[in-house]
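Peer 1: Sharing a structure below in structure tokens format, with a few things to ask.
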Amino acid sequence: MTVLISRSPLTGEPVGEHPVHGPEEVRSAVDRGRAAARAWAACGWAGRRGRLLVWKRSLARRMDELAELIVAETGKPPADARAEVLLALVHLDWAARNARRVLGRRRVPSGPLACHQRALLCYRPLGVIGVIGPWNYPLYTPMGSVGHALAAGNAVVLKPSELTPGVGALLAATLADAVPDQPHLLQTVTGPGSTGEALVRSGADKIAFTGSPATARRVAAVCAERLTPLLAECGGKDAVLVDASADLDAAADATVWGALANAGQTCAGVERVYAVGPVHAALCERIVRRVRALRTGPGPDAAYGPLTLPAQLATVEGHVKDALAAGGRALHGGPESIAPPHAHPVVLVDVPEDSPAVREETFGPVVVVNAVRDLDEAVARANASAYALGAAVFTGSRRTGLAVAARLDSGAASVNSVLGFAAVPALPFGGSGASGHGRVHGAEGLRGFTAPQALTVRRFRPPVDLTSFTTPARRVDRAVAAGRWLHSRR
């Protein structure tokens, strides 16, 4: 049997061995998932909630075990890994506790024309959800789909990144241990991209994919063959807008964290900053001062770890070199900041808007801070991107901040903070354009793994039955005329 070996990005040493699942094994997992989904549906809302909360408590108790594996496979600091586990717990808890409220059957108004009908709306689980997870947040990101899909009544087949297969395998094992009466509810298939393709072609009832736009397009093309629904989260080029009235210390502190946390390997991380002219220099000075105070590179006290994907180092270096060649300036760092497997922080200014460092996802510890005339220009530049995932606005007026945020194309925005939405489980997360489509988290995330079903129950015979050939034509005409008169005046 072919074996997939995960390795530490810090040392290159093996972390674990996992089987490479081929198309037949993936289809078998989906078939087992269908039986599991039927048994899961029989548990009812209360049964599913109780079991998912048992699983959540088990994950909380095993936080150190999960975090240690995340550290081993990604290289991120232990504190970051534990925070990732905590975020996964928060979203799983919300999904388990709110699924019935969001998805349970409820009455909706019937309207005058159908007053003889009781109208009901319910949401039915789709069946088996195929989840393809990323390597940058190998637990938190897939849990946004896994937890909500399970809470909605589905079974899940998870294909983790080939860089972090152990985290996905451990996640499935924890559910099997915590809820032994529901076998095959969450299964993990491991392998390279071909295993992910096999999952997309397996007949799963929906695919939830996280990855690059280029890969998402290939996934979408395969999904189109079967009309398989697709939820795609494809990254971002998130902008921070800073007004003259903003608290510059708060804006600088948030920008540095948003740009450098997890070595910049965050889909909704900060990659662009647009500061109005009068405060641009002061903001840059504050950003650079904070960056210089950080300890980066190897060592347990580093602010962030290495780049998990070795090939990403070349992308980061290329963006920095191109920006400088195009007339940009480096206030901190430069091409020399690339020291495999690490990348030290880079702060750039005056970078042309058509530079890859501004247009394309860098996915590394690089931030571009450009000056603009006013917030109107900042909004225009922020929106002039193929990506539309997250954004942030810093201003002295919350009302102004909300008004500016409403003009941004991003799927999520924070006022006077960055990524404020990530820890709010009731809020949906997702974007548009090159950032993908569909939403995870919150009520929208739950509904995304269901099919709405409309129900009517006839309560009594209506005075004029428009759905019967026995109703005299003159009565139908009078009823239609009365409806026309009513709607022409309301």
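A short reminder: the numbers here are calculations on the coordinates, not readings from a lab. Remember, it's a predicted structure, so these values are computed and weren't measured experimentally. Counting neighbours? That spans all protein chains shown, and the Cβs are built from the backbone with ideal geometry, glycine included.
Peer 1: Over the chain, what lengths in whole Å, largest first, do the semi-axes of the equivalent ellipsoid take, defined as the square roots of 5 times the eigenvalues of the alpha-carbon gyration tensor?
Peer 2: Ellipsoid semi-axes (Å, largest first): 43, 32, 19.
Peer 1: Something else: Can you find, among H116, A422, S161, the residue farthest towards the positive end of the dipole of the chain? Put +1 on the C-beta of Lys and Arg, -1 on that of Asp and Glu.
Peer 2: The Cα lying farthest towards the positive end belongs to H116.
Peer 1: Write down the percent of antiparallel bridges among all DSSP beta bridges whose residues are both part of the chain, to the nearest 5. Don't skip to the answer; put the middle values down first.
Peer 2: Numbers: 27 of 65 bridges.
Given both bridge residues lie in the chain, the antiparallel proportion sits at roughly 40 percent.
Peer 1: Restricting to DSSP loop positions (anything but H, G, I, E, B) with no more than 16 other Cβ atoms inside 10 Å of their own Cβ, which trypsin sites (Lys or Arg not before Pro) remain in segment 363-455? Intermediate results must be reported in sequence, preceding the final value.
Peer 2: Details: sites: R373, R381, R398, R399, R407, R439, R447; in loops: R373, R439.
Those that pass, being in a loop and sparsely packed, are R373.
Peer 1: Using a 7 Å offset from the Cα along the Cα-to-Cβ direction at both A79 and F460, what is the distance between the two label points in nm, to one decimal?
Peer 2: 6.8 nm
Peer 1: For segment 16-153, what is the largest minus smallest coordinate of the Cα atoms on each principal axis, given in angstrom and ordered from greatest to least?
Peer 2: So the three principal-axis extents are 63, 37, 24 Å.
Peer 1: Same structure again: So if I take the centroid of the Cα atoms in segment 427-452 and the same for segment 109-162, what is the distance between those two points in Å?
Peer 2: That distance is 9 Å.
Peer 1: Continuing with the same structure: Using a cut-off of 30 Å between alpha-carbon atoms, which lysines can reach K321, once sequence neighbours fewer than 8 places away in the same chain are excluded?
Peer 2: K76, K237
Peer 1: On to the next question. At a Förster radius of 51 Å, what calculated FRET efficiency corresponds to the Cβ-Cβ distance of A46 and S397, to the nearest 0.05? Write down the numbers at each step before the final one.
Peer 2: Details: r = 46 Å, r/R0 = 0.90.
Plugging the Cβ-Cβ distance into 1/(1 + (r/R0)^6) gives 0.65.
Peer 1: Can you pull the one-decimal nm distance between simple spin-label points at E285 and A380, each 7 Å off the Cα toward Cβ?
Peer 2: A separation of 2.9 nm, rounded to one decimal place.
Peer 1: Segment 174-252 to segment 1-47: how many Å between their Cα centroids?
Peer 2: Rounded to whole Å, the Cα centres lie 15 Å apart.
Peer 1: Now a separate question. Between L120 and S417, what is the FRET efficiency for a Förster distance of 35 Å, r being their Cβ-Cβ separation, to the nearest 0.05? Before the final figure, lay out each step's value.
Peer 2: Numbers: r = 41 Å, r/R0 = 1.16.
Approximately 0.30, to the nearest 0.05.
Peer 1: Something else: To the nearest 10 degrees, how steep is helix 312-325 against the longest Cα principal axis of the chain, on a 0 to 90 scale?
Peer 2: Once rounded, one gets 70 degrees.
Peer 1: Additional query: Counting other Cβ atoms within 10 Å of each Cβ, which trypsin sites (Lys or Arg not before Pro) in segment 213-299 have at most 11 and sit in a DSSP loop?
Peer 2: On the way: sites: R217, R218, R226, K237, R272, R286, R289, R290, R292, R295; in loops: K237, R295.
Here the trypsin sites (Lys or Arg not before Pro) that fit, given the DSSP loop and packing criteria, are R295.
Peer 1: Oh, and also: As a test of understanding, state the convex hull volume per residue of segment 228-297 from its alpha carbons, in Å³.
Peer 2: Values: hull volume 6.8 nm³, N = 70.
Looking at segment 228-297, the number lands at 97 Å³ per residue.
Peer 1: A further question on this structure: Quote to one decimal, in nm, the extra length available between A406 and A426 on full extension: 0.36 nm per residue of separation minus the C-alpha distance between them. Show your work: numbers first, answer last.
Peer 2: Details: separation 20, 0.36 × 20 = 7.20 nm, distance 1.90 nm.
My answer for the length gained is 5.3 nm.
Peer 1: Need one number: nm distance between label points at A224 and D247, each 7 Å from Cα along Cα→Cβ, rounded to one decimal.
Peer 2: Computed distance between label sites A224 and D247 equals 4.8 nm.
Peer 1: Once you wrap a convex hull around the alpha carbon atoms of segment 236-384, what is its projected area averaged over all directions, in nm²? Let's see the in-between values first.
Peer 2: Numbers: hull surface 31.0 nm².
Averaging across all directions leaves 7.7 nm² for the Cα convex hull.
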